[in-house]
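A short write-up of the structure that comes next.
The values are calculated or read from the model by the stated rules, or taken from the named source; none is laboratory data. Since this is a predicted model, take the numbers as computed values, not measurements. FYI the Cβ positions are ideal-geometry reconstructions off the backbone, even for glycines, and counts take in every protein chain you see. For accessibility, only protein heavy atoms count, side chains too; no ligands or nucleic acids. Shrake-Rupley method; radii C 1.70, N 1.55, O 1.52, S 1.80 Å.
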Amino acid sequence: MPGDWALPMLNSGFVYISKRDKKMRPVVVVNVAILKTFTAAQSELIAPLISYMMTYAVNKISMPGKAETFMIIIDLLNCSMTQMPITALRKFLGAVSTNFRGRGFKTCILNANMMIRGSWGLIKACLDEFT
């Protein structure tokens, strides 16, 4: 069970597990509009929070006997290029790719504006080569 520090962050809705895709993979959704409101101290807690959440998902919602992969959706609605919390996103993606290597099936970015689509190199730099 997460401590008192994690509950407000989890309840904020910046990250949640939403149903399954048509191949029955759990879907993890990251709401960047909420993530950008976090303080620097809260951003430091993203990695342990994601590790807790993903471990919980692997232990409680994964199908027994299967090494399930996750679909990750990053929702950039109401987030411009100048408001992008690059450090927080890097911590999130770093925690997933380091601690759950091979569990991420695909990462999709939704509602990206033209500037963000044009600067894919910044976001791509957050991902390791294996991903």
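Tabulated values for the structure
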read-out: Lysine pairs in the chain with Cα atoms under 18 Å, if 8 or more residues apart or on separate chains; value: 12
read-out: Computed magnitude of the charge dipole of the chain (debye, nearest 20; Cβ of K, R +1, Cβ of D, E -1); value: 480 debye
read-out: Max mean-square fluctuation residue, GNM over the chain, Cα-Cα springs under 10 Å, options Ala88, Ala57, Ala40; value: Ala40
read-out: Accessible area in the full protein assembly, largest first, 1.4 Å probe, for Ile61, Ile73, Ile50; value: Ile61, Ile73, Ile50
read-out: Selected from Leu45, Leu93, Leu110 as most flexible by GNM, with the chain as the system and alpha-carbon contacts under 10 Å; value: Leu110
read-out: Within segment 72-88: backbone nitrogen closer than 14 Å to the Met114 label point (7 Å, Cα to C-beta); value: 81
read-out: Most mobile listed residue (Met84, Met53, Met115) in the chain, GNM with C-alpha springs under 10 Å; value: Met115
read-out: Extension gain from Met81 to Glu68, taking 0.36 nm per residue of separation minus the Cα-Cα distance; value: 1.4 nm
read-out: Exposure of Asp4 as accessible area (Å², to 10), given a probe of 1.4 Å and all protein chains; value: 130 Å²
read-out: The chain, relative contact order in percent, only Cα pairs under 8 angstrom and at least six apart counted; value: 26 percent
read-out: Chymotrypsin sites (Phe, Trp or Tyr not before Pro), loop per DSSP, at most 15 other Cβ atoms within 10 Å - longest free stretch of the chain; value: 6-129
